[in-house]
Structures are given as structure tokens and as C-alpha cells.
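J.: I'd like to ask you about the structure that follows.
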There are 2 protein chains.
Amino acid sequence: MSPPVQPPAADHPTGTFVRRVPEGDNRERLVCGDCGHIQYENPKVVVGSVCRWEDRILLCRRAINPRKGFWTLPAGYLELQETTADGALREAWEEARAQIEIEGVLAVYTITRLSQVQVIYRARLVSPDVSAGPESAEVALFRWDDIPWPEIAFPSVRWALAHYRDSVDRNEFTTRCNPAGEFGDY
Amino acid sequence: MSPPVQPPAADHPTGTFVRRVPEGDNRERLVCGDCGHIQYENPKVVVGSVCRWEDRILLCRRAINPRKGFWTLPAGYLELQETTADGALREAWEEARAQIEIEGVLAVYTITRLSQVQVIYRARLVSPDVSAGPESAEVALFRWDDIPWPEIAFPSVRWALAHYRDSVDRNEFTTRCNPAGEFGDY
């Protein structure tokens, strides 16, 4: 265990922050009423991948909430000092013990309700040897017609699978975004 | 001004946070020694665009540090509850009073040293009427041969311009990432 460190804003006692528009800005921020320190709030980055082995796609059944028991792609929060591609490789390993090679950026989705940016890669499994990591109840390789659509965890997983299918026969493919009018809510 | 609100971690007095690996995790986090609250630290998202009018590209000379006086693309931090595309539109307006139409995701770069993910679009100016916003000293439309390369603010601006040029004659183009071995340091 390291010695105590200063967490963000922990030198500001409760109640001294207000939401106001700082000078030169155009929206409300968390501002310390004592010293003017601005505590910016930022969207989070999720990285993941649609991974294939021949004509099958890797999915992971979630062992944790939200959406425990439903199927998802190997994906999770990007870490500090990590590239988005390295994050996708790490998540494939952590959630499915899968070794993958990235082929390109399949999609950049924004889930505005969650302030979440998702960078989803298309990837190829190095081998079909996959197994559940600690956050997965099971992992499996599905042919398109066998994908358990009613048990897919999140709308963006359905988007990514559809966008993957559009790209599947192409070495070069155009990166996609949210389907028109869809925001990732259920 | 709104009433005081609770900032992140502001209920944790100085010195109670330690960096340690929480149970079930595999890397050090900021953890409150009193209550176990984990203060996650996350990469930040920058959104921006390479914007063209005919054969010219929009650049903004920075009026602020870092790299004051150098030329950059209209880009900045994504806000909460904002899509990456909307963020790029907002930044084009704020920095260059430019109205743009997005054509696709040109690149996803990671600047690991800064824990920064950059989502850069290719875009078309709706009109050549542009002018400096508050963070720009001036804005201008450059032909490729006139781009002031020694005065470009950041390596990722050079990457984006080069990747833009690769894509310029194509309606469909492949999203790019950091050039091999480059991390955005000078």
C-alpha cells in the first residue's frame, strides 16, 4: 500500500462547491466557493470489440450487474495511460481469456444518458480457446443465426453486431456511429 | 448560481485516500481509508475535426496555452451528455465560428501521456465564413502546400492532416489511429 495521496478535490470540504458558470466559460461547472478551483466532470471511455473466429462471434454472459445474465461484448472502461486498442485487448482477455488481433475501428458510439463514449473494434480471435473471466458467467462463440437476441445486454451491443455484419466481407470498412435517433436507452 | 452541491470525493478529508488495489481489482485505485469509496480516475475525450472548404483546410491559431501562437484544429474536451459529433460541431463554432457537416470518423488517437482519447472527424464547411472565437488568435483556410508545418501545435494535428489527405478523394474511408510508434509526444 502506498502512502496517502491527495485525491481530486479532497482538499475542499463539503458544501463549498457550487454549480456556476466560471468567467470565460459558457456552462455550469463545479466551482470551489473558497478558491475558485474548477472540478471538471468528463465523459467516460468504454473500449471493446466484436471478435470473430471463422463465422462465429464471441459473446460473454454477464456475471455482474447491470444486466447480469445477459450477453455482451468484451468491453469495459479504458484505464489511464492506456491506448484504446490496448484497452480492447485487455478487456478481451479479462472477460473471455481471449487473445485477439484488432482489424479496425468498427464504431464510435455515444450513450449520452451515461456520458459514455464507446470505441468498438473489429477483431479476429487468435484461437477459439476462450473461457470466462471473473466478470463473465460463461463465454461462447455464436453463428449469426444463433445469437440470443432477446438476451443481449445493451442496445449498443446490438448496434455493434449489426455494424459488424455490414463490414464482415470487407477488409476496409467505414466506422459507424449510433443508428439515427438511437441513444442507447432501452 | 445554484445551491452548493457535493463535489466528487469532497466528503473525504485530505489524507484519508490511499492508492491500493481494491479487492477484485488488478490495479491501484484511490481508495478512501475510512469508507472504502473508490475514486476512479478516467481518461478524457477530446473531439475535433478536419474541416474543408473546396481545397482548403481550416486551422486556428491558439490564443491560449499550451502552444499559444501555434496552429491547431478546432477541437476540445467533450462535455457531459454530449455526443462526440455534437462536440465536434460545438468546438468548430466556439473556436472558428464555423458551421460544419460531418462526413465520418477520420481518426481515433490516444495520447497516453495525457490519458487523452481524441475522436477526430472529417467535415465540410457549410460556408467559408469563419472567424476567431475567444480561444483563437486568428483562423484561416490553408491549401495543403501553404500549411505552416513548423507552427503546428501538436503531433496529433499533423497526423490528422496527413490522414485527411489520404482520405480526401474518397467518400468512404477507413478510420485511422496513431502512426506506428508515435504517442503524441514532441
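The values are calculated or read from the model by the stated rules, or taken from the named source; none is laboratory data. Quick caveat, the model's predicted, so the values are computed rather than measured. Because the Cβ atoms are built from the backbone with ideal geometry, glycine has one as well, and the counts that use them run over all protein chains shown. Note: accessible area is taken over every heavy atom of the protein model, side chains too, but ligands, DNA and RNA are not part of it. Shrake-Rupley method; radii C 1.70, N 1.55, O 1.52, S 1.80 Å.
J.: Anything in the range B:26-52 that is in a loop (DSSP other than H, G, I, E, B) and open to solvent by less than 10 Å² (accessible area, probe 1.4 Å)? List them, or say none.
T.: B:Pro43
J.: Need the failing condition index for A:Ser127 against (1) more than 10 Å from chain B (Cβ to nearest Cβ); (2) open to solvent by less than 10 Å² (accessible area, probe 1.4 Å), just the number.
T.: Checking A:Ser127 against (1) more than 10 Å from chain B (Cβ to nearest Cβ); (2) open to solvent by less than 10 Å² (accessible area, probe 1.4 Å), the one that fails is (2).
J.: While we're on this one: Does the range A:148-155 contain at least one residue that is within 14 Å of chain B (Cβ to nearest Cβ) and either part of a loop (DSSP other than H, G, I, E, B) or open to solvent by 30 Å² or more (accessible area, probe 1.4 Å) (or both)?
T.: Restricting attention to the range A:148-155, the residues satisfying the condition of being within 14 Å of chain B (Cβ to nearest Cβ) are none.
No.
J.: Of all residues in the range B:106-118, which are open to solvent by less than 10 Å² (accessible area, probe 1.4 Å) and closer than 25 Å to B:Asp55 by Cβ?
T.: Matches in the range B:106-118: B:Leu106, B:Ala107, B:Tyr109.
J.: Moving on to the next point. Checking A:Asn171 against (1) open to solvent by less than 50 Å² (accessible area, probe 1.4 Å); (2) assigned to a loop (DSSP other than H, G, I, E, B); (3) polar (S, T, N, Q); (4) out of contact with any helix residue (DSSP H, G or I) (no Cβ under 8 Å at 6 or more places or on another chain), which test does it fail?
T.: (1)
J.: Something else now. Is it the case that some residue within the range B:1-8 is at the interface with chain A (Cβ under 10 Å from one of its Cβ atoms), touching a His at 6+ places or on another chain (Cβ under 8 Å) and at pLDDT below 90?
T.: yes
J.: Working only within the range A:174-186, note down all residues that are open to solvent by less than 70 Å² (accessible area, probe 1.4 Å) and small (Gly, Ala, Ser).
T.: Of everything in the range A:174-186, those that are open to solvent by less than 70 Å² (accessible area, probe 1.4 Å) and small (Gly, Ala, Ser) turn out to be A:Gly181, A:Gly184.
J.: Give me a count of the residues in the range B:16-25 that are facing chain A (nearest Cβ under 8 Å) and either surrounded by fewer than 16 Cβ atoms within 10 Å (Cβ to Cβ) or outside any loop (DSSP other than H, G, I, E, B) (or both).
T.: Of the residues in the range B:16-25, 5 are facing chain A (nearest Cβ under 8 Å) and either surrounded by fewer than 16 Cβ atoms within 10 Å (Cβ to Cβ) or outside any loop (DSSP other than H, G, I, E, B) (or both).
J.: Show the residue pairs meeting these rules: Cβ distance below 7 Å; 6+ apart or different chains; first residue within the range A:64-89 and in contact (Cβ under 8 Å) with a residue 12 or more places away in the chain and surrounded by fewer than 18 Cβ atoms within 10 Å (Cβ to Cβ); second residue assigned to a loop (DSSP other than H, G, I, E, B) and among the charged types (D, E, K, R).
T.: A:Ile64/A:Glu135
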